[in-house]
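Everything on this sheet refers to the single structure shown next.
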Amino acid sequence: MGSQPRQQAGEHDFRQVLQPSPFHARVEEHNLVKNWMSWNGYQTARTYDTLASEYFAIRSSCSVMDMTPMEKYRITGPDALKFLNRLVTRDISGLKPNRVTYVVWCNDDGKVLDDGTIFHLNSGEYRLCSQHHQLDWLLISSLGMDVTIEEETHEVAAISVQGPTACSVLVAAGFTDLSELKPFSISHTLLNGFEVMISRTGYTGDLGYELWVDPGNALALWDAVFGVAQRGLYDVRAIGLGALEMVRIEAGFIMPGDDFNTAEVTVRAGHDRSPFEVGLGWLVNFDKPHFTGKQALLREKNQPIKRRLVKLSVEGNKAPADSFLYDSKKGRRIGTVKVHTWSPILKANLATADIEYRNGVAPAQIWAEIYYQKELEWQATWAQCTVSTEPFWSHPRRLTTPPERY
Amino acid sequence: MTSAIKGPVVIVGGGHNGLVCASYLAMAGRQVQILEARDTIGGGASTTSFAPGYSVSGLAHILHSLNPKVCKDLKLSSAGVSRGAAIDTIALDKGGQHLTLRANAVSGDGLSQSDIDAYTDFKEEFRRYARALEPLLMNKPPRLKDMDRKDKFTLAKLGWSLRFGLGASSMREFLRVGGINIYDVLNEVFDSPLLKGVIAVDAVMGNHMGPRTPTTVLTYLNRLWGESHCPQSIPPGGMGQVTKALAEVAGKAGVSIRTGTKVAQILVEEGRATGVQLESGERIDAGLVISNADAKTTFLDLVGAPQLDAMFAKRIHTTRTEGNVAKLHLAMSALPGIDGLSTEQLGQRLLIAPDMRYVEHAFNHAKYGEYSQQPVLEITIPSIADPSLAPAGHHVMSISASFAPYSLRAGWDKHHTVFADLIIALIEEYAPGFSAGIVARELLTPVDIETQYNITGGHWHHGEMTIDQSFMMRPVHGTAQYDTPISGLFLCGAAAHPGGGVTGVPGHNAAKRILAMGGGL
Ligand SMILES: Cc1cc2nc3c(=O)[nH]c(=O)nc-3n(C[C@H](O)[C@H](O)[C@H](O)COP(=O)(O)OP(=O)(O)OC[C@H]3O[C@@H](n4cnc5c(N)ncnc54)[C@H](O)[C@@H]3O)c2cc1C
């Protein structure tokens, strides 16, 4: 660390509305356009430079994102596994140490509270990452169990290194034996004398890693990765949440709170969503011990599904922002677009939308009514949408071990 | 859920409600077994010997709310249950100007004629309110969302009985007083501080409430509802005689009863109760498990939070179940002498609550985790009517003392003796010299009640009778109609609607509910 003062997250001046992350000194340097936003109260870059350059760093070279603000919880104690398995809908009893899995959890009514990942760190020690603050719910869920739940959002600094050359970059940065690391696996290694936990995980649908360190080593980690670019070996680019939003829609990942209302903040009945309704039915396992929402989900499963979050490709190139969706041109309204992006790599207009099903059946046709501006004049048009059951983007690289080197 | 629930029935707990529920189910042809942790049946309604030769009712000592329908359905009178003679309530006055309260009349030297008249009118009007609530009390509380036909019927009957049973002006008055406190109501109606003090006791006893606590009118109505069809009495042989008779009825109907049998776990498979595991390790399979234990014991200890949805478990966990009443039993070589009371009058229900401020002050201590320095006392000397409870010439005194909070800040270990001494000293003020005759004593704090009677918090009602824990919220929503989130598991005790007291109503309602759900096949 040397002369760098340790940037202690959580101890920042109260007059500073947004909290700096442990990487802030570097993030600020890279952030040419100073386009900031708040992510869980952290000062986070939306874009550093241009959306296009950041997007293409993810898709064709190597991107680095500060993901420290991600909510992190350390789950330990004799009942840690029992606790997690009662929390989430998926059976995680088979999750081995140094493995990661994607999970979703619900309230008593079987409505989604959040999604996230569970990292089995050491035997019986887990980290749960979530989109939204979940400490209350975790504590409520811990009643009657011998488990310790500690929020460690501010105690763990993390970056996400994603893109086709991610492995090559990290090897060049000094990480050895990365090539055998399988998707959803974790390895613990030393870099220049400090500990780094690496997981082969990400939110991009491509090859990528997440690197976890003590906040005191955050800048050293950043410098090691960007040193690769400085030495002229590979292009490495810092990316913000704007570019991430594009690639996660391409990759078919959902974002609770954006793509659908989470149960915790839903006030009006019927506006929360079950895992089945957001396309996460595959994460629900009824053959495991009791989990919160199980009875409600069993009841729902036996009913025809009422609505679904679907992946749409929308014809044309007009952005279907907040578009209403119909079962035919000027027909019956059946839903709305929640998020959308232009996919530069697929040359496609993509969206995630909430669609009504009738008697459990998807509408035969979906049409978007799109409002767009032409030289500041509003125009309206209709675009037919096609449902995709597969992610729009999922490169074989994501799963290949060892990853191709460049 | 409406499909037939087959297989033998196991009832966890042999309190009076477990016995009532068991009898109804057995009479409907079900095979029922009661498993009771204690060595005797009856739970809070039992008779215990606290010193060689001296017996009293363990917790409940006055029968004031036993439901007539239950008595009739179970033919309790032919089972030889004796309620004992109806008794008065006597409000003790240090100066000897005691008041005698009956269902419809009050008398006493110090009373004004206007108080005497007002009492009769007041009781009549309030009993009418209480009776108007009857449709709600004798049925499963209606669910407000997804009502079934029975729920709609109950609400319709309730509306009918309120609107037409009461008439427009009474209805208006009922709506006015229903949500306020007994303190304001009694101040509007009466002058005598002592009269107001003892009526207020009926509104707060057993709960964490003082006369100024909102909704104490409702708790008072609950008490009156019982009184409106069950004159208060002290059963000969103690409350245990009542439950003994109930056990006989149950036995005749085919119920088998095992005492000294503590259930350690309610077994749940695939969200369904399949039986119980005893502390001894023995497993008993069942098609239906019914719990007479309180809700925290049932869900958090016996089922276990991990078997339940998180928020439901949390709701159960946060219900208020800390008891506030201690029980003091005294063995005495002679009857106390209270100035102005005959021996016969000593055998009535004696109350020490000189005025409402006194009661409120007594409660204030409880708010801060202290016991009352001047507690409210309900005293009975059951050996006057039934000499068999004590050796010849000797007597037993049974005292419910409010307020004695479960979570005593200073800890009960150090204050057990102090509190018992304080109660005795208070009685001594009314009955000078009586303490010299005490030969043995036993104090049960709510902590003792919890351990000896297996009631969480030692709470009179298995949980506060506040509006947020009543009706369709009792014990919590999600299990307010006797069924629970675990299919095949039901509640039948005081934790369920309409709450505690020796009434038999939760047991009756639970049995009806189970049978209506097809459990009688
Ligand atoms: C100090 C005090 C004074 C009271 N005075 C009066 C009064 O004068 N008049 C009146 O009407 N009411 C009075 N009450 C209230 C009355 O006693 C109770 O409300 C009533 O007894 C509750 O009956 P129940 O059948 O629902 O539950 P309980 O009588 O509590 O019966 C529950 C039974 O379940 C058993 N059990 C619990 N867990 C297990 C297990 N794991 N395995 C097996 N068995 C188990 C218990 O041992 C118990 O026998 C008083 C209460 C208190 C605390």
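The values are calculated or read from the model by the stated rules, or taken from the named source; none is laboratory data. Note that this is a predicted model, so its numbers are computed, not measured. Every residue, glycine as well, gets a Cβ built from its backbone with ideal geometry; the counts of neighbours run over all protein chains shown. SASA here: full protein model, heavy atoms, side chains in, ligands and nucleic acids out. Shrake-Rupley method; radii C 1.70, N 1.55, O 1.52, S 1.80 Å.
Residue by residue, here is whether (1) farther than 30 Å from residue A:277 by Cα; (2) of a type in the set (Ser, Thr, Tyr) holds:
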{"residue": "A:157", "(1), (2)": "yes, no"}
{"residue": "A:161", "(1), (2)": "yes, no"}
{"residue": "A:176", "(1), (2)": "yes, yes"}
{"residue": "A:210", "(1), (2)": "no, no"}
{"residue": "A:227", "(1), (2)": "yes, no"}
Filter region B:274-296 for residues that are more than 11 Å from the ligand (Cβ to nearest atom), surrounded by fewer than 19 Cβ atoms within 10 Å (Cβ to Cβ) and assigned to a loop (DSSP other than H, G, I, E, B); which is nearest to the other protein chains (Cβ to nearest Cβ)?
B:281
What are the residue pairs meeting all of these: first residue in region A:139-168, first residue away from chain B (no Cβ under 14 Å), second residue surrounded by fewer than 20 Cβ atoms within 10 Å (Cβ to Cβ) and of a type in the set (Asp, Glu), Cβ atoms under 6 Å, and 6 or more apart or on different chains?
A:153/A:71
Residue A:104 passes all but one of the listed conditions (1) touching a residue at least 40 places away in the same chain (Cβ under 8 Å); (2) more than 14 Å from chain B (Cβ to nearest Cβ); (3) open to solvent by 10 Å² or more (accessible area, probe 1.4 Å); the exception is number (3)
Residue ID - farthest from the chain's Cα centre (by Cα), chosen from residues in region B:493-521 that are at positive phi and assigned to a loop (DSSP other than H, G, I, E, B)
B:504
With respect to residue B:317, determine if the residue is away from the ligand (no atom under 16 Å from the Cβ), out of contact with any Cys (no Cβ under 7 Å at 6 or more places or on another chain) and within 14 Å of chain A (Cβ to nearest Cβ).
yes
Given B:448, B:421, B:468, which one is acidic (Asp, Glu), more than 23 Å from residue B:327 (Cα to Cα) and either open to solvent by 20 Å² or more (accessible area, probe 1.4 Å) or within 15 Å of the ligand (Cβ to nearest atom) (or both)?
B:468
Please enumerate the residues belonging to region A:294-323 that are touching a Ser or Thr at 6+ places or on another chain (Cβ under 8 Å), within 14 Å of chain B (Cβ to nearest Cβ) and part of a loop (DSSP other than H, G, I, E, B).
none
Residue B:21 is checked against (1) among the hydrophobic types (A, V, I, L, M, F, W, C); (2) closer than 27 Å to residue B:103 by Cα; (3) within 12 Å of the ligand (Cβ to nearest atom) and fails just one. What number does that condition carry?
(2)
For residues in region A:284-293 being open to solvent by less than 30 Å² (accessible area, probe 1.4 Å) and more than 7 Å from every other protein chain (Cβ to nearest Cβ), which is nearest to residue B:307 (Cα to Cα)?
A:291
Those residues that are more than 14 Å from chain B (Cβ to nearest Cβ) and among the hydroxyl-bearing types (Ser, Thr, Tyr), I need them from region A:74-101; list them, please.
A:76, A:101
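Please return the ranges of strands (runs of 3 or more DSSP E) entirely within region B:46-142 where 1 or more residues are in contact with a helix residue (DSSP H, G or I) (Cβ under 7 Å, 6 or more places away or on another chain), surrounded by fewer than 22 Cβ atoms within 10 Å (Cβ to Cβ) and modelled with pLDDT under 95.
In region B:46-142, there are no strands (runs of 3 or more DSSP E) which contain 1 or more residues that are in contact with a helix residue (DSSP H, G or I) (Cβ under 7 Å, 6 or more places away or on another chain), surrounded by fewer than 22 Cβ atoms within 10 Å (Cβ to Cβ) and modelled with pLDDT under 95.
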Would you say residue B:485 is away from the ligand (no atom under 16 Å from the Cβ), within 14 Å of another protein chain (Cβ to nearest Cβ) and either open to solvent by less than 20 Å² (accessible area, probe 1.4 Å) or in a loop (DSSP other than H, G, I, E, B) (or both)?
yes
Please state which one of B:263, B:325 is farther than 21 Å from residue A:145 by Cα and either away from chain A (no Cβ under 14 Å) or without any contact (Cβ under 8 Å) to a residue 12 or more places away in the chain (or both).
B:325
Restricting the search to region B:24-45, which residues are within 6 Å of the ligand (Cβ to nearest atom), over 17 Å from the mean Cα position of the chain (by Cα) and assigned to a loop (DSSP other than H, G, I, E, B)?
B:36, B:37, B:38
Taking residue A:271 as meeting all but one of (1) out of contact with any Gly (no Cβ under 7 Å at 6 or more places or on another chain); (2) more than 14 Å from every other protein chain (Cβ to nearest Cβ); (3) at negative phi; (4) touching a residue at least 24 places away in the same chain (Cβ under 8 Å), write down the number of the exception.
(4)
Can you confirm whether residue A:113 is crowded, with 18+ Cβ neighbours inside 10 Å, more than 14 Å from chain B (Cβ to nearest Cβ) and at pLDDT 95 or above?
no
Which of (1) open to solvent by less than 10 Å² (accessible area, probe 1.4 Å); (2) away from the ligand (no atom under 14 Å from the Cβ); (3) over 17 Å from residue B:291 (Cα atoms) is the odd one out, the single condition residue B:436 does not satisfy?
(1)
From B:86, B:51, B:132, B:91, residue being more than 14 Å from chain A (Cβ to nearest Cβ), within 22 Å of residue B:501 (Cβ to Cβ), away from the ligand (no atom under 16 Å from the Cβ) and touching a strand residue (DSSP E or B) at 6+ places or on another chain (Cβ under 6 Å)
B:91
Strands (runs of 3 or more DSSP E) wholly in region A:331-406 with at least 1 residues that are charged (D, E, K, R) and open to solvent by less than 90 Å² (accessible area, probe 1.4 Å) - which ones?
A:333-343, A:348-356, A:366-374
Based on this model, can you work out whether residue B:268 counts as touching a His at 6+ places or on another chain (Cβ under 9 Å) and within 14 Å of chain A (Cβ to nearest Cβ)?
yes
I'd like to know if region A:138-145 contains one or more residues that are open to solvent by less than 10 Å² (accessible area, probe 1.4 Å), closer than 24 Å to residue A:21 by Cβ and either hydrophobic (A, V, I, L, M, F, W, C) or modelled with pLDDT of 95 or more (or both).
yes
